[in-house]
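Heads up: the structure comes next, in structure tokens.
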Amino acid sequence: MGNDAYKQAGVDIEAGQRATALMKDAVRSTYGPEVVSGIGAFGGMFSAAALKNLADPVLVASTDGVGTKTMVAAKMGRWDTIGQDLVNHCINDILVAGARPLFFLDYVASSQLDPEQIAAVVGGCAVACKAAGCALLGGETAEMPGVYQPGELDLVGTVVGVLDRSQAIDGTHIAAGDVILALPSSGLHTNGYSLARQALADLDWSEPRADLNGVSIGDALLAVHRSYLTEVNTLREVGIDLHGLAHITGGGVVDNLPRVLPNGLSADINRGAWPEPPIFQLIQKRANVSDGEMFRAFNMGLGMLVIVPERDVSAAQSVISELRIVGKIQSLGEGEEVVRVG
């Protein structure tokens with residue numbers, strides 16, 4: 001009787017149990033020998049023994065969400081990609097410090113649990129975690145009627161990684177004359193969806209479009225947020241001197257690049273030096289917004305910026321061919337903007 005009353009209040013305990021059962025194999029596929037306890041435990045346990053091999057281990061953590069990209073997933077009825085978006089976003093955020101991911105935890109909340117939907121989302125998290133060698137150590141599935149809109153969900157995650165303090169990338173070595181290289185984005189990644197949804201609301205999201213190179217709006221908006229873990233690791237392995245990294249998320253290049261620049265330095269970004277995914281042009285045309293607003297709301301095709309001394313540019317591009325030279329570090333003049341795009 002008690003369970004029936006809870007169900008009538010909007011919370012289905014059995015649905016939560018079914019969701020856990022459906023996602024169990026995907027979650028366990030991310031486990032390595034470091035996982036002491038995971039799914040089903042009150043708290044995930046991860047062995048820290050490997051940290052003893054580092055001279056001065058430092059843990060690096062980050063929490064983020066996918067924002068209203070969940071509403072795009074709902075409109076398209078596709079739930080297999082946003083989990084990947086979440087994990088990759090969080091991994092990139094700690095990657096800028098030079099950290100490698102150890103484990104990840106997710107939080108999925110909705111007004112009413114749909115076990116298959118939740119399993120698809122968490123399955124996406126598992127896909128990205130496995131690709132990164134990162135354990136999906138635990139998480140929470142919450143059913144909160146009245147807090148979330150029917151048919152919608154919220155998705156948030158936390159990653160914990162590690163680095164050796166002497167190998168940290170903190171931007172302190174960035175100097176005037178350094179070159180700004182860029183790794184391209186796959187599209188919007190996980191930012192700017194409120195504006196994008198509004199701008200494109202009255203168009204057909206399922207029909208392939210010539211102005212999107214034959215891709216539909218829905219597919220363009222759901223393109224998975226890239227992880228740059230492999231590319232950055234490759235650059236480090238061949239000895240590229242990484243002076244700084246900037247993950248271009250909310251706020252665009254204008255707000256994110258200054259986060260890694262020492263005082264007294266600025267950056268000139270040369271628009272046209274990289275291909276901008278056509279979805280941005282469509283959004284700008286439909287929303288009738290300025291270039292400046294576009295570069296604050298979106299990544300505009302710049303996924304990760306890599307700042308290196310000029311002497312390392314050729315070597316970097318020889319091992320990662322998609323790296324584009326997009327700008328240069330300068331001394332900051334009086335009254336100048338820290339980041340100039342032109």
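Taken together, the values in this text are just the output of simple stated rules run on the coordinates, not laboratory data. Since the model is a prediction, treat every value here as computed from it, not as a measurement. Reconstructed Cβ throughout: ideal geometry from the backbone, glycine too, with neighbour counts over all protein chains shown.
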Give me the percent of Cα-Cα pairs in the range 231-279 that sit more than 15 Å apart, rounded to a whole number. 63
When only alpha-carbon atoms count, how far does the chain stretch along each of its three principal axes, as whole angstroms with the largest first? 72, 56, 35
By the scheme Lys and Arg +1, Asp and Glu -1, what is the net charge of all other residues having a beta-carbon under 11 Å from that of Ile169? -1
Under a Gaussian network model of the chain whose springs join Cα atoms within less than 10 Å, the largest fluctuation of Ala61, Ala287, Ala19 belongs to Ala287
Under a Gaussian network model of the chain whose springs join Cα atoms within less than 10 Å, the largest fluctuation of Asn256, Asn213, Asn299 belongs to Asn213
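Figure the gain on full extension for Ser111 and Ala210 (residue separation times 0.36 nm, minus the Cα-Cα span) and round it to one decimal in nm.
Details: separation 99, 0.36 × 99 = 35.64 nm, distance 3.76 nm.
So the extension gain works out to 31.9 nm.
Once you order the gyration tensor axes a ≥ b ≥ c over the Cα atoms, which shape class does the range 2-167 get: rounded for a/c under 1.5, otherwise prolate or oblate by comparing a/b with b/c? Intermediate values should be presented prior to the final figure.
On the way: a/c = 2.42, a/b = 1.75, b/c = 1.38.
Taking the square roots of the gyration eigenvalues as a ≥ b ≥ c, the range 2-167 is prolate.
How far, in nm, would the chain grow between Thr234 and Glu310 when pulled straight, counting 0.36 nm per residue and subtracting the alpha carbon separation?
Values: separation 76, 0.36 × 76 = 27.36 nm, distance 1.83 nm.
Gain on extension, Thr234 to Glu310, equals 25.5 nm.
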With just the Cα atoms defining each centre, how far is the range 124-184 from the range 228-287? Give it in Å. 17
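About the Cα centre of the chain, how large is the charge dipole given +1 on each Lys and Arg Cβ and -1 on each Asp and Glu Cβ? Please answer in debye to the nearest 20.
Numbers: 24 positive and 39 negative charges, 63 e Å.
Taking the Cα centre of the chain as origin, the dipole is about 300 debye.
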Springs between alpha-carbon pairs under 10 angstrom, Gaussian network model over the chain: which of Leu203, Leu265, Leu188 fluctuates most? Leu203
1/(1 + (r/R0)^6) with r = Cβ-Cβ of Asp25 and Ala287, R0 = 30 Å, i.e. FRET efficiency to nearest 0.05, evaluates to 0.10
Proximal lysine pairs in the chain, meaning Cα under 24 Å and 8 or more positions apart or interchain, come to 6
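Using the Cα centre of the range 179-341 as the reference point, and only Cβ charges (+1 on K/R, -1 on D/E), how large is the resulting charge dipole? Debye, rounded to the nearest 20. All intermediate terms of the calculation are to be shown ahead of the outcome.
Details: 13 positive and 19 negative charges, 18 e Å.
Around 80 debye, computed over the range 179-341.
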Selected from Leu54, Val27, Ile307, residue furthest toward positive end of dipole (the chain; charges at beta carbon): Leu54
Enumerate the residues in the range 53-71 having an amide nitrogen under 13 Å from the point lying 7 Å beyond the Cα of Ala142 toward its Cβ. none
Placing unit charges on C-beta atoms (Lys and Arg positive, Asp and Glu negative, everything else neutral), compute the dipole magnitude of the range 184-239 about its Cα centre in debye, rounded to 20. 220
Binning every alpha carbon pair distance of the range 179-341 at 10 Å from zero, what are the percents per bin? 10, 38, 32, 16, 3
